[in-house]
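Right, one structure below, let's go through it.
Just so it is clear, none of the values below were taken in a lab; they were calculated from the coordinates. All values derive from a computational prediction rather than experimental measurement. Neighbour counts run over all protein chains shown; Cβ positions are idealised from the backbone, glycine included.
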Amino acid sequence: MPAGGGVAPHGHPLLDLVQRDALADEPARLATRARLRTLVHEHGVTVLSAHDPWEPARRTPALGPNRTEP
């Protein structure tokens, strides 16, 4: 369990397989993931998934699911 008592993030098992097969530079991927985690934990940055078009709306209640502008 991560610090703060939250739920540890995890991906779909099949997506993990696809990502590993498409992986070109694992050390660079792992370094980027570590930098993102540092930004989140030490600087309070919010990281959004570029693959989830609805995530920004979920994180911005004022917009709601049907609006795309403030």
Signed unit charges on C-beta, dipole axis of the stretch 21-64, positive-most listed residue Trp54, Gly44, Pro27: Gly44
Computed label-point distance, nm, for sites Arg59 and Leu30 using a 7 Å Cα→Cβ extension: 2.6 nm
Under the Karplus curve 6.51 cos²θ - 1.76 cosθ + 1.60, θ = phi - 60°, whole-Hz ³J(HN,Hα) for the stretch 25-37, x wherever Gly or Pro sits: 9, 4, x, 5, 4, 5, 5, 5, 4, 5, 5, 5, 4
Stretchable slack from Asp21 to Thr38, in nm (0.36 nm times residue separation minus alpha-carbon distance): 3.5 nm
